[in-house]
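The values are calculated or read from the model by the stated rules, or taken from the named source; none is laboratory data. Fair warning: this is a prediction, and the values are worked out from it, not measured in the lab. Quick reminder, even Gly has a Cβ in these numbers, built from the backbone with ideal geometry, and neighbours come from all protein chains shown. Remember, those area values only see protein heavy atoms, side chains included, never the ligands or the DNA or RNA. Shrake-Rupley method; radii C 1.70, N 1.55, O 1.52, S 1.80 Å.
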Amino acid sequence: MEKREFKAESKRLLDLMINSIYTHKEIFLRELISNASDAIDKLCYVSLTDTNIVDRSNLKITLEANKQARTLTISDTGIGMDKDQMEENLGTICSSGSLAFKQKLEEAEEKHEDIDIIGQFGVGFYSAFMVAKNVKVISKAYNADTAYVWESNADDGYTITEGERDAVGTTIILTLKDNSEDENYDEYLEEYKLRELVKKYSDYIHYPIQMDVERNKFDDEGNITETTTETDTLNSMTPLWKKSKSSITKEEYNSFYQEKFNDYEDPQHVIHTSVEGNTSFTALLYIPSRAPYNFYSADFEKGLQLYSRGVFIMDKASDLIPEHFRFVKGLVDSQDLSLNISREMLQHDRQLQQIASRIEKKIKSELATMLATNREEYEKFWNNFGLQLKYGVYNDFGAHKELLQDLLLFTSSHDKKLVTLSEYVTRMKEDQKAIYFASGETVEKIDKLPQSERVKDKGYEILYLTDSVDEFALQVMMNYQDKPFKNINQGDLDLDSEEEKKELEEKTKESADLLSSIKNALTGKVSDVKISNRLKSHPVCLSTTDGLSFEMEKVLSQMPEANGLNNMKATRILEINPNHAIFNALQKIADRDEDISEYADLLYNQALLIEGFTIDDPITFSNQICNLMVKANN
């Protein structure tokens, strides 16, 4: 019996496997089952020209666990291997991964880090040595008379000898390693563990994966009366997503979702799509009926399950789903992907990038269709995940605004209902130059803002922004269909006619001394005091210049002190309505500095409260109101 040495790079891989710690040793079974499935595929291909060689009822993969001998056996009825093929396939690392392996191995030795080889290279068969101290392969090739046995304990090479096997196919016998404090290899002999691994990684292999299991029968008193052996098929074989959409019921989609993604509710929407081309794939995607409890926390993990030809690769492939659609759950199966793709490789794999791009466009298309054809369902979706779309507009410096802007909804002064930006623009007045918006804690509070009265009186619609990200998103967008966004509390709203502008200039000149006195009384609190052209019936308001708004200031003030943004303040301008009785009252006391100072404080604090700010000294404010009430009755 001739002893043969592994080639150098194969030996180094085996040494690294045996002597290093891996977090995913369990995937050895996935690798061996996938190889068995490939072997059956090859036999089926040969049968296209030789119809006598395949009994399709006998195409299967069999698992057998022997606890006494501590062996796990994986058998297939595939094409088998002859002596030369054993040498080629089992004596060297598979060619698809050899170059990457050598490069990564050198990097690993330089960094002195543990490496998860599996999932990074096409190591396939070699994964058996992560759990086995001895591996024996018995195989008989198609059209061969002789079977051969390949055997190795990994330390000192391998042997290939003639052997016995009745039929074409391959049997792999793993003698498991001894248990240690860190590893319990016996679990790979347990029925529950083998079922678990097949279900997790190989459930959709399209040949039956079978195992003989013992079943006990009991009498009424719970005593075992009979033990029988039954053959169970461990995998479902046909993935739901591989079936035609017309043959799948809503109940089947929902049941699959609940079981696969651990949700007790049915999904709100299902997206089932197949793409053929340079990169072919099938995707089964779900939009949940409600946001998970941790959706907006750092604990939430986005990502789609990734399969290659029905074989599970990883659970959370985050690069397949963009951040703005992170609420989508589901899976992608592509026949063009390497089985051993890693998380590190995902970011650089061109095929994965193409798949991710197509998925993003498909989700956008489905949401746009829902918005156009089923408004009630879309608004339900929006209430759950609309905030994420607005974050998506703001993130990455607005890189996704064109993709997402037509999916946005905001409550509007028009019937207090949710509207799209397109619907707003369609209803704009002929002379309207901007898309007006206002921000606040609730729709009800925004609707009562003094500044909104004149805008609505002109017949202009106002968008009511209640989420902290809203203004940031609109600022990134800048405009929609060439219509700029305009905060009714910032800058010049340009609502006046030429006659109204001239009248305002005259009143400002006439009241210059009064306005200057109020401004002096509020030194350090406001940058300016002016006669307002944005108020109709209300006495006073605060406005600010273009740039940082009051709502942005509130959001930034809640951020950690370390980032330095929490101290940013919007410019404060006190605006007084010249047509309100309060203005006449101010004119009467214009030469009384003490009274002007008190009135100025009262008006400023009123304006702060209207904007939702806290006032610095509520006790003094309360006393000033009481004093004013006393004076009014004397």
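Observations on the structure shown:
- Normalised by the number of residues in the range 349-488, the mean separation of alpha-carbon contacts (under 8 Å, six or more apart) gives a relative contact order of 23 percent.
- A simple spin-label model places the labels of Thr523 and Asn89 9.1 nm from each other, with each point 7 Å out along Cα-to-Cβ.
- Helices in the chain that qualify as membrane-span-like (whole DSSP H runs, Cα extent of at least 20 Å along the helix axis, mean Kyte-Doolittle hydropathy of -1.0 or higher) are 28-46, 350-373, 593-610, 618-632.
- Along each principal axis, Cα extent of the range 436-517, largest first, Å: 41, 28, 23
- Taking every alpha-carbon pair under 8 Å whose residues sit at least 6 apart, the chain reaches a relative contact order of 8 percent.
- The range 483-634 shape via C-alpha gyration tensor axes, a/c threshold 1.5: oblate
- Dividing the radius of gyration of the alpha carbons in the range 193-256 by their Kirkwood radius gives 1.16 for Rg/Rh.
- Annotation: for a label point projected 7 angstrom from Cα along Cα→Cβ of Asp546, no residues of the range 396-419 have a backbone N closer than 15 Å.
- Prolate/oblate/rounded label for the range 397-472 (Cα gyration tensor, a/c 1.5): oblate
- Accessible carbon and sulfur surface of the range 517-609 relative to its total accessible area, %, 1.4 Å: 46 percent
- Contour minus Cα-Cα distance for Arg4 and Asp492 (0.36 nm per residue): 167.0 nm
- Between the range 543-588 and the range 152-194, the alpha-carbon centres lie 74 Å apart.
- Stretchable slack from Cys44 to Asp482, in nm (0.36 nm times residue separation minus alpha-carbon distance): 151.6 nm
- Averaged per residue, the range 277-406 has 45 square angstrom of accessible surface, using a 1.4 angstrom probe with ligands and nucleic acids left out.
- In the range 244-326, the portion of solvent-accessible area held by carbon and sulfur atoms comes to 44 percent [1.4 Å probe, whole percent, DNA, RNA and ligands not counted].
- Descending by average beta-carbon neighbour count within 10 Å, the peptides 171-183, 602-614, 131-143 line up as 131-143, 602-614, 171-183, the highest first.
- Cα gyration tensor shape of the range 500-540, rounded if a/c is under 1.5, else prolate or oblate by comparing a/b with b/c: oblate
- Cβ-Cβ FRET estimate between Gln351 and Glu423, R0 fixed at 41 Å, reported to 0.05: 0.55
- Karplus 3J(HN,Hα) series, Hz, for the range 434-446 with 6.51 cos²θ - 1.76 cosθ + 1.60 (x for Gly, Pro): 9, 8, 8, 9, 9, 10, x, 6, 9, 4, 4, 6, 5
- If only the Cβ of Lys and Arg carry +1 and only the Cβ of Asp and Glu carry -1, the dipole of the chain around its Cα centre is close to 1500 debye.
- Distance between modelled label sites at Lys507 and Asp219, nm, 7 Å Cα→Cβ extension: 10.3 nm
- Sulfur and carbon atoms: percent of accessible area, the range 370-451 [1.4 Å]: 47 percent
- Whole-Hz ³J(HN,Hα) from phi, Karplus 6.51 cos²θ - 1.76 cosθ + 1.60, for the range 132-142, glycine and proline x: 10, 8, 8, 10, 10, 10, 10, 9, 10, 7, 4
- Set Lys362/Lys433; Lys401/Lys501; Lys133/Lys242; Lys199/Lys329; Lys361/Lys483; Lys401/Lys530 screened for pairs whose C-alpha atoms are more than 28 Å apart: Lys362/Lys433; Lys401/Lys501; Lys133/Lys242; Lys401/Lys530
- With a Förster radius of 30 Å applied to the beta-carbon distance between Glu402 and Ala372, the computed FRET efficiency rounds to 0.95.
- Surface exposure of the range 539-634, expressed per residue as accessible area with a 1.4 Å probe, stands at 55 Å².
- Extension reserve of the Asp299-Gln475 stretch, reckoned as 0.36 nm per residue once the Cα distance is removed: 60.5 nm
- Expressed to the nearest 5 percent, the antiparallel share of DSSP beta bridges inside the chain is 80 percent.
- Listed residues Lys42, Lys588, Lys530 arranged by accessible area, highest first, probe 1.4 Å: Lys588, Lys42, Lys530
- With the gyration tensor restricted to C-alpha atoms of the chain, the semi-axes of the equivalent ellipsoid amount to 74, 25, 23 Å, longest first.
- For the pair Lys193 and Glu251, a Förster radius of 30 Å applied to the C-beta separation gives a FRET efficiency near 0.45, rounded to the nearest 0.05.
- Residue (of Gln210, Gly398, Leu556) at the positive-pole extreme of the chain, dipole from beta-carbon charges: Gly398
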